[in-house]
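Visitor: After the structure tokens below, expect a handful of questions from me.
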Amino acid sequence: MRSTTPYQGTEDPEDLIEYYEENFYGNKGKSDPQGQIWNQIWENWIEIALLYSDYSNLNELPEIDAPIQMLLSGLLMMADWIASNVDYAPLISIEETGENVKYPDRIDRIWEKLDFPDQWTPCCWFMDDDIFRRKYGFSPNEMQRQMLKVAEEAPTPGIYVLEAQMGLGKTEAALSAAEILASKWNCEGIFFGLPTQATANGIFPRLKSWAEAEGQEEEVRLGIRLAHGMATLHNGYRELFHGQASQNEDCSTGGLVVHEWFEGRKQALLSSFVIGTVDQLLMAALQQKHVMLRHLGLSGKVVIIDECHAYDAYMSCYLERALEWLGIYKVPVILLSATLPSERRAKLVEAYHGGEFYGEPDEWRENKAYPLLTYTYGNDVRQCKIPVDTPRKQITIIKNQKENLLDILKELLLGDGCVGVIVNTVSQAQKVAHDIRQEIPNYPVLLVHSRFTIEDRQKIEEMLLTRIGKASVPETRNIIIVGTQILEQSLDIDFDCLITQLAPMDLLLQRIGRLHRHADRNRPEQFKNPVCIVDECEQTDNGSRQIYGDWLLMRTSELLPDMIILPDDISLLVQETYRDLEKEEKLYPLWEEHKRKQKVKERKAENHRLPAGKEMEETIHGLLGHDIRDRELDAMARVREGEFAISVLIMIDLGNRNAGFAPWQSRGETISMDHMPSEDECCKILLQKVQLPRSLSVYKYQECVEELEKRNIKNLEEWQHAKKLSGELILMLDQTLTTELCGFILCYDEQYGLICEKEEIG
């Protein structure tokens, strides 16, 4: 019978039979006749397994370490999920005998029905200028050539950290190097991780085109996956064929397919090419149910992480632990950044290699050369400074501490041209855009931030790239762009002049990278030379301080020069900003407080972090403990320090139990509140998703969710029966596009997005 003593998860795994005997032999135990039957079944299974594995007894089985157990467990999960899926493996009817001779045919039918995409098998062990030009449409620059050379000569899989200025083509360098590394080490796919959904969406078309060309060149059908919560609403992703590989007639000579089995949230990393938020990688370092499946998906890939500077101390803990596991699996890893502190570079390399290096570590830890490629050959860390073969750019920095922003703009805009204005919070961006429109009414203003609906945001981003993107023309560039940190990352846009709120040095340089990005452009006379105005009037603004902290803002202000030469000054400024301070230095107390907060974040992350592979015992038994959440949103919240924004679907109450969209959307279509929406209607509703401000999603999280759920149950019960809308929170606005929620007035506007104001009392 089952032991009355609870199993602690620390005993020998064989004790599981003692503690949970009924799970193996039935509720009457092994000694019962029923239990004896089960025991015979177990013994028969073991004999069959030994026979198929070409072993004569259990003693011959090799001992495998914990990392291999992780991958085997992931493989077993995958096999189990396929075999238990009744669509692919229909249950055997009670009339059938289930004879062994029938099983080979049954497996063949399952495999045929699955119809997985083809395996990516690149055969590119080198890439000269001609091959590169054929793939990307332009000749490689010196940075790209150096990256290719290092990949071609690599004797073992390793980690590659590429630090180079914005707009130099790091994406193409990474993809071409990944193709070589995949060829050398038999990798079957690529994972490309980015900081946000917006950056993943922005780069998806480029990676899709590259992957599509790979499939067509090899005349195979390759699997691709856009991996984040809103992927199904991305137009380019939705246009791809979704289903089994052979169903797509357009792929007969090669191409891409989104296989339906890999669309499951936990199977995403098993697809050949995965583009998504970095959360997908970070969750491989999280104590989460089925984490072994994530490890299996990553283990056969080349992993590329863009903007690897963009993660705070908390998220970095998960990134480092994920790199430790990738190093154990010998997965080639490429990290990209324009502004990476040397301390972070060292920690990332150390994590991948478990801190085991030859030679003197200080030689590569403190290197301030730029552009710089740091890479490993075995346990040997090497570096090469990349010759700059692009024109140097001299940026004039003007620190503004007194003048009104509007007065500065009026002075700048003497004629045509594009001015970018970047601030640190959405509310500031909304206010600045409103003030500009009031004071400079004849000049177009485009506002860009995270509190627009998906549908509106897509339109805004398209307009942004049309007006000031690489293909823009002088006639379209007469505009003021006001935005938040969205404008920092992975957007190929070009400002004639930049006004930015103070931010940490590395992020400030990212913003400056959008200034005169395209060197051959003919600019208005007043913008011939690049100028960045850094607004320090709001240096102590609570929003900025809350996001970045006092030390980083004040340190950046202290070190910011009047002139910056790109790329020469990038590394010097970043390294000096982030270096450890001495006690006698003025900002030492702020720096000390900053380090203390980082330690708190690191300790918090450790509570949910997966153990390091090298620290594990002989078995993975007991790896996940007993309190493991299985919800994807919970997992994402854990790897992002618990601050996962509340997203809502904005709809308009039209009266008479009808809901509709904003006047400028969906052509005035109405949807009954009393009927379950169709699949097409659900897709339109999902495009109205928008994030609530921090004042609600963080500080009033529980109250806000409960209030929305209460309203939805009362007014929109039928909508919850729609599979696509299940679990979604819907925010109904009145016909003035306004509502009240938890003491705040919320209003949605086509030009400003979601506006939030504290409700006046009395």
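Visitor: All but one of (1) farther than 19 Å from GLN735 by Cβ; (2) crowded, with 20+ Cβ neighbours inside 10 Å hold for MET676; state the number of the condition that does not hold.
Guide: Only one criterion is unmet by MET676, namely (2).
Visitor: LEU405 versus (1) over 20 Å from PHE495 (Cβ atoms); (2) crowded, with 20+ Cβ neighbours inside 10 Å: which is the lone unmet condition?
Guide: Every listed condition holds for LEU405 apart from (1).
Visitor: For region 401-444, enumerate the residues that are of a type in the set (Ser, Thr, Tyr), closer than 25 Å to PRO504 by Cβ and in a loop (DSSP other than H, G, I, E, B).
Guide: Scanning region 401-444 gives a single hit, THR425.
Visitor: While we're on this one: Looking only at region 368-392, which residues are farther than 22 Å from LEU515 by Cβ and of a type in the set (Ser, Thr, Tyr)?
Guide: Correct list: THR374, TYR375, THR376, TYR377.
Visitor: Please find, among LYS710, LYS758, LYS684, LYS714, the residue that is at pLDDT below 90, of a type in the set (Lys, Arg) and over 12 Å from VAL648 (Cα atoms). Even if it seems obvious, please write down each step before you answer.
Guide: On the way: LYS710 fails: at pLDDT below 90; LYS684 fails: at pLDDT below 90; LYS714 fails: at pLDDT below 90.
So the residue among LYS710, LYS758, LYS684, LYS714 that is at pLDDT below 90, of a type in the set (Lys, Arg) and over 12 Å from VAL648 (Cα atoms) is LYS758.
Visitor: Return the total of residues in region 37-80 being farther than 22 Å from TYR329 by Cα and either among the aromatic types (Phe, Trp, Tyr) or surrounded by 13 or more Cβ atoms within 10 Å (Cβ to Cβ) (or both).
Guide: Qualifying residue count for the region: 7.
Visitor: I need the full set of residues from region 458-514 which are without any contact (Cβ under 8 Å) to a residue 24 or more places away in the chain and basic (Lys, Arg), in order please.
Guide: So in region 458-514, the residues without any contact (Cβ under 8 Å) to a residue 24 or more places away in the chain come out as 459-460, 462-463, 466, 471-473, 475-476.
Of everything in region 458-514, just one residue is without any contact (Cβ under 8 Å) to a residue 24 or more places away in the chain and basic (Lys, Arg), namely LYS459.
Visitor: Another question about this same structure. With (1) part of a loop (DSSP other than H, G, I, E, B); (2) closer than 22 Å to ILE460 by Cα as the list, and GLU728 as the residue in question, which single condition is left unmet?
Guide: (2)
Visitor: Within region 471-484, count every residue that is of a type outside the set (D, E, K, R) and surrounded by fewer than 22 Cβ atoms within 10 Å (Cβ to Cβ).
Guide: Pass one, region 471-484, residues of a type outside the set (D, E, K, R): 471-474, 476, 478-484.
With surrounded by fewer than 22 Cβ atoms within 10 Å (Cβ to Cβ) added as a condition, the list becomes 471-474, 476, 478-479, 484.
Final tally of qualifying residues: 8.
Visitor: Still on this model: Mind listing whichever residues of region 417-462 are under 27 Å from LEU553 (Cβ atoms) and acidic (Asp, Glu)?
Guide: ASP435
Visitor: From GLU718, GLU681, GLU709, grab the single residue that is buried (at least 18 other Cβ atoms within 10 Å of the Cβ) and part of a helix (DSSP H, G or I).
Guide: Numbers: GLU718 fails: buried (at least 18 other Cβ atoms within 10 Å of the Cβ); GLU709 fails: buried (at least 18 other Cβ atoms within 10 Å of the Cβ).
One residue alone meets the criteria, GLU681.
Visitor: Do the conditions hold for MET143, that is, is it under 28 Å from the mean Cα position of the chain (by Cα), crowded, with 21+ Cβ neighbours inside 10 Å and part of a loop (DSSP other than H, G, I, E, B)? Reasoning before the result, please.
Guide: Details: under 28 Å from the mean Cα position of the chain (by Cα): yes; crowded, with 21+ Cβ neighbours inside 10 Å: yes; part of a loop (DSSP other than H, G, I, E, B): no.
Against the criterion (under 28 Å from the mean Cα position of the chain (by Cα), crowded, with 21+ Cβ neighbours inside 10 Å and part of a loop (DSSP other than H, G, I, E, B)), MET143 does not qualify.
Visitor: Okay, next question. Please find, within region 268-287, the residue that is nearest to the chain's Cα centre (by Cα) out of those that are in a loop (DSSP other than H, G, I, E, B) and surrounded by 23 or more Cβ atoms within 10 Å (Cβ to Cβ). Spell out the reasoning first.
Guide: Taking region 268-287 as the starting set, the residues that turn out to be in a loop (DSSP other than H, G, I, E, B) are 271-272, 278, 287.
Now restrict to residues that are surrounded by 23 or more Cβ atoms within 10 Å (Cβ to Cβ): 271-272, 278.
Working: SER271: 16, SER272: 17, VAL278: 3 Å.
Ranking the candidates gives VAL278 first.
Visitor: Count, please, the residues in region 66-94 that happen to be in a loop (DSSP other than H, G, I, E, B) and either under 15 Å from LEU298 (Cα atoms) or of a type in the set (Val, Ile, Thr) (or both). Don't jump to the end; show me each part of the working.
Guide: Within region 66-94, the subset in a loop (DSSP other than H, G, I, E, B) is 84-94.
The next check asks that each one be either under 15 Å from LEU298 (Cα atoms) or of a type in the set (Val, Ile, Thr) (or both); those that pass are 86, 92, 94.
Number satisfying all stated conditions: 3.
Visitor: Restricting to region 372-412, what's the tally of residues that are without any contact (Cβ under 8 Å) to a residue 40 or more places away in the chain and of a type outside the set (D, E, K, R)?
Guide: 5
Visitor: Now for a separate question. Considering only residues that are without any contact (Cβ under 8 Å) to a residue 24 or more places away in the chain and in a loop (DSSP other than H, G, I, E, B), look in region 340-356 and name the one that is surrounded by the most Cβ atoms within 10 Å (Cβ to Cβ).
Guide: GLY355
Visitor: What are the residue pairs meeting all of these: first residue in region 736-755, first residue outside the structural domain of ALA659 (by TED's automatic domain parsing) and more than 22 Å from TYR699 (Cβ to Cβ), second residue modelled with pLDDT of 95 or more and of a type outside the set (A, V, I, L, M, F, W, C), Cβ atoms under 7 Å, and 6 or more apart or on different chains?
Guide: That search, which allows pairs on different chains as well, returns nothing.
Visitor: Which of the following residues is small (Gly, Ala, Ser), buried (at least 20 other Cβ atoms within 10 Å of the Cβ) and over 30 Å from LEU72 (Cα atoms): SER316, SER337? If you could, list the steps in order and put the result at the bottom.
Guide: Values: SER316 fails: over 30 Å from LEU72 (Cα atoms).
Exactly one of SER316, SER337 is small (Gly, Ala, Ser), buried (at least 20 other Cβ atoms within 10 Å of the Cβ) and over 30 Å from LEU72 (Cα atoms), namely SER337.
Visitor: Does region 689-705 hold any residues that are among the β-branched types (Val, Ile, Thr) and either in the same structural domain as ILE454 (by TED's automatic domain parsing) or part of a loop (DSSP other than H, G, I, E, B) (or both), and which are they? Steps first, please.
Guide: The first filter runs over region 689-705 and keeps only residues among the β-branched types (Val, Ile, Thr), leaving 690, 698, 705.
Matches in region 689-705: VAL698 only.
Visitor: Let me ask something else. Any residue in region 106-125 that's on the phi > 0 side of the Ramachandran plot: show its pairings with residues that are assigned to a loop (DSSP other than H, G, I, E, B) at Cβ separation under 7 Å, as long as the two are six or more apart or on different chains.
Guide: Short answer, once both residue conditions are applied: ASP115/GLN244.
Visitor: Also, quick follow-up: Being closer than 26 Å to THR476 by Cα, touching a residue at least 40 places away in the same chain (Cβ under 8 Å), part of a helix (DSSP H, G or I) and touching a Gly at 6+ places or on another chain (Cβ under 9 Å) is the requirement here; does ARG517 meet it? Walk me through how you get there before you give the answer.
Guide: Details: closer than 26 Å to THR476 by Cα: yes; touching a residue at least 40 places away in the same chain (Cβ under 8 Å): yes; part of a helix (DSSP H, G or I): no; touching a Gly at 6+ places or on another chain (Cβ under 9 Å): yes.
So ARG517 does not fit the description; no.
Visitor: Looking only at region 305-319, filter to residues that are of a type outside the set (Ser, Thr, Tyr) and in contact with a Leu (Cβ under 7 Å, 6 or more places away or on another chain); which one of those is nearest to GLN489 (Cα to Cα)? Steps first, answer last, please.
Guide: Applying the first criterion (of a type outside the set (Ser, Thr, Tyr)) to region 305-319 yields 305-310, 312-313, 315, 317, 319.
Those left that are additionally in contact with a Leu (Cβ under 7 Å, 6 or more places away or on another chain): 305-309, 315, 319.
Working: ILE305: 13, ASP306: 10, GLU307: 8, CYS308: 11, HIS309: 11, MET315: 18, LEU319: 19 Å.
Filtering region 305-319 for residues that are of a type outside the set (Ser, Thr, Tyr) and in contact with a Leu (Cβ under 7 Å, 6 or more places away or on another chain), the one nearest to GLN489 (Cα to Cα) comes out as GLU307.
The values are calculated or read from the model by the stated rules, or taken from the named source; none is laboratory data. As the structure is a computational prediction, the values presented were derived from the model and not from experiment. Every residue, glycine among them, receives a Cβ derived from its backbone with ideal geometry; neighbour counts consider all protein chains shown.
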